[in-house]
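The values are calculated or read from the model by the stated rules, or taken from the named source; none is laboratory data. Quantities reported herein were computed from a predicted structural model and do not represent experimental measurements. Neighbour counts are summed over all protein chains in view; Cβ atoms, including those assigned to glycine, are modelled from backbone coordinates with ideal geometry. Side chains included, ligands, DNA and RNA excluded: accessible areas come from the protein's heavy atoms. Shrake-Rupley method; radii C 1.70, N 1.55, O 1.52, S 1.80 Å.
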Amino acid sequence: MGVRDDAEAIAPELTGLRRAIHREPEIGLDLPGTQRKVLAALDGLPLEISRGTALSSVTAVLRGEGAADHGGAGGPVVLLRGDMDALPVAERTGLDYASQTEGVMHACGHDLHTAMLAGAARLLAARRRDLPGTVVFMFQPGEEGHAGARHMISEGVLDAAGQRPVAAYALHVASADWPAGVVSTRPGPILAAAEVLSVTVHGRGGHGSEPHHAADPIPAACEMVTALQTLVTRRFDVFDPVVITVGSFHAGTADNVIPDDATFLATVRSFSPEARQRMHESALALVGGIAAAHGLTVSAEFRDGYPVTVNDEAEARFAAGVAAGLLGDERCLAQPNPMTGAEDFSFVLEQVPGAFLMLGACPPGADPATAPNNHAGDAVFDDSVLATGAALYAELALQRLARS
Ligand SMILES: [Zn+2]
Ligand SMILES: [Zn+2]
């Protein structure tokens, strides 16, 4: 039987695993319950398994026995990644397997990624005798803002097989935008770099009736907010765009009291390392200059950054070809533009050529154009894509190893 048929045959187990993880979502780098479920799902397979120390990751290595037939000792290595963490979102789906933890939900579909990757491990382990190389399965906590991938890299996931992977792939489900089972990717940038710009303007508090005896930080901070938008339109190429949104602004306690400080936070998105670097330099210079012009000082920094997620040109084309071969041309779409979201798989792709692919999981009967999106409390991801995703992960590894 082919990989797809085998994947359909284990679909009930994958659905069971996915729903068990969905019922008990966990946030951040420490996901002990999810880790336990993954280890149980991998139990009995011929894998070398290690767990993280700084985070509850699982790294599983499958060494194929087919490389010797091709003249290579161990053959090349391919890495497959699935993230496992949930979000601080209150679930409103009303599903019978909905979250049992108040205020926590698998609203980004990482429960599906975990189950699909465990399924791929099953499918590939069954083909171990002919597998012409090694597969590293990267079960990763903390994608949502905790840079779990970076932690796993510093704990050695890229060297888990004893040599660097030749390629790395990740899938991401979407509750909207694409019908269930449709794959979409593109060569080059596919997701934005994201980071926080944190600014505190330091003045000198005083009576609101006598501002000349104080140093008011609020007007200067307001100027910075609008000047950052001007910076975007005047200093950046429209074809290499950046987005800045000031989502938090705090200063003061009363109408007649000038505060000492004003603080704001912005999310900053960019699509090339050059634009990102230019934004770092120009935004810090801008807020410093405005503060100085008003006789104030400012503390400003960029933090919590994820780099641009850049698909390798050749690997993205290869992955799209594998998807089209597996699912049919009509279910594999070329994505015209990058998305403004961000991903810490970008840290892997900085070191290993590879591709990040979207997999539509919009439930049948819902309209992908209007269905609730990832991160919404009523986002629903359809279980029918679990077999598709597991088969796609497995085929990517099989075909990439066979090609090397
Ligand atoms: Zn997310
Ligand atoms: Zn996600």
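Each residue in the stretch 29-79 was checked for being assigned to a loop (DSSP other than H, G, I, E, B) and within 20 Å of the chain's Cα centre (by Cα), and 8 of them qualify.
Evaluation of Gly295 against the conditions (1) outside any loop (DSSP other than H, G, I, E, B); (2) more than 20 Å from the chain's Cα centre (by Cα) shows that the sole unmet condition is (1). A single member of Gly389, Gly325 is assigned to a helix (DSSP H, G or I), within 20 Å of Met116 (Cα to Cα), within 15 Å of ligand 2 (Cβ to nearest atom) and in contact (Cβ under 8 Å) with a residue 60 or more places away in the chain, and it is Gly389. Residues in the stretch 299-317 include none that are in a helix (DSSP H, G or I), free of Cβ contacts under 8 Å to residues at least 12 places away in the same chain, over 14 Å from Val196 (Cα atoms) and open to solvent by 30 Å² or more (accessible area, probe 1.4 Å). Does any residue of the stretch 266-281 turn out to be open to solvent by 50 Å² or more (accessible area, probe 1.4 Å), touching a His at 6+ places or on another chain (Cβ under 7 Å) and either free of Cβ contacts under 8 Å to residues at least 24 places away in the same chain or not polar (S, T, N, Q) (or both)? No, every residue in the stretch 266-281 fails to be open to solvent by 50 Å² or more (accessible area, probe 1.4 Å), touching a His at 6+ places or on another chain (Cβ under 7 Å) and either free of Cβ contacts under 8 Å to residues at least 24 places away in the same chain or not polar (S, T, N, Q) (or both). Among the conditions (1) under 15 Å from the mean Cα position of the chain (by Cα); (2) among the acidic types (Asp, Glu); (3) more than 16 Å from ligand 1 (Cβ to nearest atom), Glu144 misses just one, which is (3).
Residues in the stretch 206-231 that are touching an Asp or Glu at 6+ places or on another chain (Cβ under 8 Å) and surrounded by fewer than 16 Cβ atoms within 10 Å (Cβ to Cβ): Gly208 alone.
Of all residues in the stretch 139-154, those that are at negative phi and modelled with pLDDT of 95 or more have Cβ atoms under 6 Å from Cβ atoms of residues that are away from ligand 2 (no atom under 16 Å from the Cβ) and not in a loop (DSSP other than H, G, I, E, B), 6 or more apart or on another chain, in Phe139/Val38; Phe139/Val58. Scanning the stretch 92-127 for residues that are over 17 Å from the mean Cα position of the chain (by Cα), open to solvent by less than 40 Å² (accessible area, probe 1.4 Å) and touching a residue at least 40 places away in the same chain (Cβ under 8 Å) yields Thr93, Tyr97, Ala98, Ser99, Val104, Ala118, Gly119, Ala120, Ala121, Leu123, Leu124, Ala125.
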